[in-house]
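No lab work stands behind these numbers, since they all come straight from the coordinates. Model, not experiment: these values are computed from the prediction. No Cβ is skipped: glycine too gets one built from the backbone with ideal geometry, and neighbour counts run over all protein chains shown.
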Amino acid sequence: MRSTRRNFFLMGGIGAWLMGRSHLASAQSSPQSLMDRSGTPNFQRPTHLGTTFSPLQCYYLGVDYKAAFREICQLGLTRIRLGAYWNEIERSPGQFDFAQLDWLLDEAHRNNITVALAVGMKVPRWPEFHFPGWVSDRYDTKSGEIALDLRSPAVADLSLKFVDAVAQHYRYAPAIQYWQIENEPFTRLEIAGGRFLSADFVRREVALVRSNLLRSQKILLTNAIHLPSPKLSEDLPAFQDSLAVADAVGFNVYSKVPAGNSGAYLEPEEAFWDQLQSWQREIVRNGREAWIAEAQAEPWEPQKLVANDRADYPSASPRRMQLLVDRLARSDYSTVLLWGCEYWYWQKTQGRNIWWWTVKQMAG
């Protein structure tokens, strides 16, 4: 079961999370690499530093989601991405339970944190597609070579009804400034069972949500870049489709991920970073906001849904996180959402505060 983004990227060329940063290694040569010669801190903070929070991930880690979220809201982060999980909200056809998400949005608003709400079939955290049992029991939701919405039009119609219900319920929620439509909808990832959605269906979702939005609210779409270097035959159309309909375009950047079960790790090549920078410029040229929707801030280890059976792992450290955020900010990505806040909280419950302290320093 472990895969919160993990074991597919490395196993095949399909991998495609915007991961990022093999060449961070050069910045890691000295512990003073984010200091100038006088010893003054030289860390560059993005305009908006935030995170993604999931009660589902808290469940995997065995921590109370309310206690975790209350403390995460005190870190000084300015944006939080939340997910509207279809399987949690519509457990029975047409019966909606928004209680958990209501609480999270109220708590974020109470702490003056703005929210990006992800909605659709595919939202953050494993297993990526979050179908209610009554949907997956009746309809084809398995992997295939054709976009899921085209193979299973009944599932697509039910999903649109769910998205509409969420948009109507939260139209006036004061914390929500962004609506994310699906999560990397065009990417065919092993972790998501190879399932993907068509550009036409995502455009329908965007139009539906826009019809419910206030003028101050915006649409976010997220994308991936293949590792270790871009595969433009797949990455470029996905980027162009997102740029055409979204107000903000985000990428997911991971700095070190396992190469299957080989014991080796993958890190992006320079072409990856060049493409990331090029697309940042194109996003801004088109009057959109350039986001990093996920910046690796937790371990990614083979065959682990959560990496919590030891204190440290090769794939992540507070220092790598800090260097990654600095590099992304210097690439002029205005919003950077860290991926792993539930893990920092779990570490804190174990008496290890270095992750927590480092995030607080970056946010402060």
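Details
- Annotation note: GluC sites (Glu not before Pro) in the stretch 132-228 located in DSSP loop regions with a Cβ neighbour count of at most 11 within 10 Å are Glu145.
- Cα-projected label distance for Asn87 with Asp309, points at 7 Å along beta-carbon direction, nm: 2.3
- Top positive-direction residue, dipole computed over the chain with Cβ charges, set Pro46, Val115, Trp273: Pro46
- Most simply put, the chain has about 15% antiparallel DSSP beta bridges, counting only bridges with both residues inside it.
- If both residues of a DSSP beta bridge must be in the stretch 100-229, then about 10% of such bridges are antiparallel.
- Charge dipole magnitude, Cβ of K and R +1, D and E -1 - the stretch 209-364, Cα centre, debye nearest 20: 520
- Around Trp355: net Lys/Arg minus Asp/Glu count, Cβ-Cβ under 12 Å: +2
- Summarised as an ellipsoid, the stretch 183-308 has semi-axes of 28, 17, 14 Å, derived from the eigenvalues of the Cα gyration tensor scaled by 5 and square-rooted, with the largest first.
- Length released on extending from Arg171 to Ala271, taking residue separation times 0.36 nm less the Cα-Cα span: 32.0 nm
- DSSP-assigned coil residues among chymotrypsin sites (Phe, Trp or Tyr not before Pro) in the stretch 153-209, each with at most 13 further Cβ atoms within 10 Å: Tyr172
- When only the Cβ of Lys, Arg, Asp and Glu is charged (+1, +1, -1, -1), the dipole of the chain relative to its Cα centre reaches about 660 debye.
- Pairwise label distance in nanometres, Arg138 with Asp200, each label 7 Å out on the Cα-Cβ vector: 2.4
- In the chain, the inverse of the mean reciprocal separation of distinct Cα atoms equals 20.4 Å; this is its Kirkwood hydrodynamic radius.
- Simple spin-label estimate for Gln350 and Asp106 in nanometres, 7 Å along Cα-Cβ: 3.3
- Helix-only mean residue ellipticity at 222 nm for the chain, each DSSP H run of n ≥ 4 adding -39500 (n - 2.57), per residue, nearest 500: -10500 deg cm²/dmol
- DSSP beta bridge pairing in the stretch 29-171, given as percent antiparallel to the nearest 5: 25
- Reach of Lys348 by Cα under 27 Å, taken over lysines that are not fewer than 8 positions away in the same chain: Lys66, Lys256, Lys304, Lys360
- Length available on full extension from Arg281 to Asp164: 0.36 nm per residue minus the Cα-Cα distance, which gives 38.8 nm.
- The Kirkwood hydrodynamic radius of the stretch 99-188, based on inverse pair distances between different Cα atoms, is 14.4 Å.
- For the stretch 259-320, trypsin sites (Lys or Arg not before Pro) meeting the loop criterion (DSSP other than H, G, I, E, B) and having at most 10 other Cβ atoms within 10 Å: Arg310.
- Prolate/oblate/rounded call for the stretch 258-364, Cα gyration tensor, a/c under 1.5 rounded: oblate
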